[in-house]
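The values are calculated or read from the model by the stated rules, or taken from the named source; none is laboratory data. All values derive from a computational prediction rather than experimental measurement. Ideal geometry is used to build each Cβ from the backbone, glycine not excepted, and the neighbour counts take in all protein chains shown. Areas reflect the complete protein model, heavy atoms only, side chains present, ligands, DNA and RNA absent. Shrake-Rupley method; radii C 1.70, N 1.55, O 1.52, S 1.80 Å.
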Amino acid sequence: MLNEKDFNKEYVLTVAKSMAVAARTAPKARGIDNLVIGICNKEEIKRISEQLVKDYNETNGKESFLLRDSQNILECDCMLLVATKTVVLGLDCGYCGFKTCEDKIKTNKLVPCFFNSEDMGLAIGSAVSVAADKRVDSRVMFSAGSAAMRLGMVEGCNQCLAVSLCAKSKNPFFDRK
């Protein structure tokens, strides 16, 4: 007999790969793809957890959610990272707070282009819908994404969200302490 526990982690990884494809094929402003997408294994998740503990300590314990998240992600089987590079799309929309893209570039190149952020959000939405359809528990986490960014896991990006994934009898991402 094939026991569910024998293939559970493999299934979650397969779903993570489908999520990565869904993120990649999500609509993007002007058809320009600035996303960086990857899947972290248990070893990389442990590194992110350690970074979150370090981040928590640097806040002198004021940001307790960082410590909570550092422990919570250790429960997941793998983690999807969706990040974006900051690339001005030349639409002069003003959504970034500057009147024109040229003004933004002259003033502060690090301010994200609204459309880079929106593209990342659409990609995350597409990805987590796959997880839901496949009945894999997920949690979108900016804290883990930010830690992954500081660890250099998404080179050249200044925004990253992580999606923790697992399939257990109880969703560890639901009623977190």
Expressed in angstrom, Rg and Dmax over the Cα atoms of region 26-74 are 15.2, 43
Excluding the sites themselves, what is the longest stretch of the chain that contains no chymotrypsin sites (Phe, Trp or Tyr not before Pro) in a DSSP loop with at most 15 other C-beta atoms within 10 Å? 1-94
Within the chain, which is the longest segment that contains none of the GluC sites (Glu not before Pro) sitting in a DSSP loop with at most 16 other Cβ atoms within 10 Å? 64-154
From the backbone phi of region 96-102, what are the Karplus-calculated ³J(HN,Hα) couplings (6.51 cos²θ - 1.76 cosθ + 1.60, θ = phi - 60°) in whole Hz, Gly and Pro given as x? 7, x, 10, 5, 9, 5, 4
Assign one of three labels to region 19-114, namely rounded, prolate or oblate, based on the Cα gyration tensor with a ≥ b ≥ c the square roots of its eigenvalues; rounded applies when a/c is under 1.5, prolate when it is not and a/b is larger than b/c, and oblate otherwise. oblate
At q = 0.10, 0.20 Å⁻¹, what base-10 log of I(q)/I(0) does the Debye formula yield for the chain when every alpha carbon is treated as an equal point scatterer in vacuo? -0.42, -1.27
Whole-Hz ³J(HN,Hα) for each residue in region 3-15, computed from phi via Karplus 6.51 cos²θ - 1.76 cosθ + 1.60 with θ = phi - 60°, x for glycine and proline: what do you get? 8, 3, 5, 6, 10, 4, 5, 5, 5, 4, 5, 4, 5
Given Cβ charges of +1 for Lys and Arg and -1 for Asp and Glu, the option among Thr59, Ile124, Ser18 whose Cα lies farthest towards the positive end of the dipole of the chain is Thr59
Residues in region 70-103 reached by a label modelled at Phe142 [backbone nitrogen below 20 Å; 7 Å Cα→Cβ]: 70-73, 80-87, 95-98
Heavy-atom accessible surface of the chain: percent carbon and sulfur, 1.4 Å: 53
Listed residues Asp103, Asp137, Asp77, most fluctuating in the chain (Gaussian network, C-alpha, under 10 Å): Asp103
For the chain, what is the charge dipole size about the Cα centre, in debye to the nearest 20, if Lys and Arg each add +1 at the Cβ and Asp and Glu each add -1 at the Cβ? 100
Choice from Ala147, Ala131, Ala29 with maximal GNM fluctuation in the chain (Cα, 10 Å cutoff): Ala29
Heavy-atom accessible area of Val53, protein chains in place, probe 1.4 angstrom, given in Å² to nearest 10, is 50
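If you stretched the chain out fully between Thr107 and Asp175, how much longer would it get, using 0.36 nm times the residue separation minus the C-alpha to C-alpha distance?
Answer, rounded to one decimal: 20.2 nm.
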Region 68-114 to region 1-25: how many Å between their Cα centroids? 28
Using the heavy atoms of the protein chains and a 1.4 angstrom probe, tell me the accessible area per residue for the chain in square angstrom. 55
